[in-house]
1. Pairing the Cα long axis of helix 88-118 with the longest principal axis of the chain, what angle in degrees results, from 0 to 90 and rounded to the nearest 10?
2. Can you give me the Rg/Rh ratio for the chain, using Cα atoms for both radii and the Kirkwood formula for Rh?
3. Over all Cα pairs of segment 14-114, how is the pair count split among 10 Å bins, expressed in % and running from 0 up to the last occupied bin?
4. Report, to the nearest 10°, how far helix 59-84 tilts away from the longest principal axis of the Cα atoms in the chain, using its own Cα long axis and a range of 0 to 90°.
5. Using alpha carbons only, how many angstrom separate the centre of segment 139-172 from the centre of segment 59-102?
6. For PHE111 and LEU26 in one chain, what is 0.36 nm times their gap in residues minus the Cα-Cα distance, to one decimal in nm?
7. Rounded to the nearest 20 Debye, what is the dipole magnitude of segment 60-191 about its Cα centre when Lys and Arg each give +1 and Asp and Glu each give -1 at the C-beta?
8. Any lysines with Cα under 23 Å of the LYS85 Cα? List them, leaving off those in the same chain fewer than 8 positions away.
Amino acid sequence: MSGRPIATDRSATGIPTHRLAIWWVLASEVVIFGGLLGAYLMHRLGHPEWAEAASHTQTWIGAVNTFVLLTSSFTAVLAHQAAEKGDGKKAAMLLVFTIGGALTFLMIKSFEWYTEISHGYTITANTFWSFYYTAAGLHALHVIAGAIIMGIVAVGAFKGRMLHRVEIIGIYWHFVDVVWIFLFPLLYIAK
């Protein structure tokens with residue numbers, strides 16, 4: 001036996017089980033975010049007054065957070081490349097940089113929300129802000145989950161164990177980025 005869990009070696013489809021599993025998880029996430037964004041778009045089209053509410057979002061902060069997430073996605077790619085070469089310590093270091101990006105994103109988001117809430121733009125202010133906090137909050141929860149899982153994967157990678165997990169958390173992290181790429185223009189730019 002190779003020392004790897006048997007579940008990662010079984011495959012009826014020719015796709016490793018761990019890779020197939022993450023794609024199933026992401027498919028369910030697409031349904032969740034797709035439903036939320038679809039509802040947002042339908043309400044936005046029917047409520048032109050939302051443009052005024054959306055004009056109070058801080059586009060520059062959303063843009064900075066977009067840069068932070070895209071940069072963290074780049075370090076996730078580099079971590080995967082290091083893992084593919086068997087360099088677990090380098091993969092772990094790059095995952096730590098990616099976690100740093102996640103934490104930076106969350107700190108910026110916290111500052112942004114503090115500023116908005118202190119100006120009276122709360123989740124109960126109107127339906128735009130309800131959608132805004134729901135969508136951005138759900139995304140932030142995914143950032144937190146990704147950072148925690150990445151930390152666990154980084155510890156294993158540092159020890160040279162289960163390097164295939166670096167790819168899996170990278171796929172998840174890219175999904176988190178793609179969701180933000182949809183949220184940013186919808187919540188910040190389309191005013």
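1. Taking Cα atoms only, the helix is inclined about 10 degrees.
2. Numbers: Rg = 18.8 Å, Rh = 17.9 Å.
Ratio of gyration radius to Kirkwood radius: 1.05.
3. So the P(r) values, bin by bin, are 13, 23, 37, 19, 7, 1.
4. 10 degrees
5. Each part's Cα centre sits 11 Å from the other's.
6. 27.7 nm
7. Numbers: 8 positive and 6 negative charges, 72 e Å.
Result for segment 60-191 is approximately 340 debye, rounded to the nearest 20.
8. Filter leaves LYS159.
Read-outs: derived from the displayed coordinates by stated rules, not from any lab. Given the structure is predicted, the values throughout are model-derived calculations rather than measurements. Backbone-built Cβ (ideal geometry, glycine too); neighbour counts: all protein chains shown.
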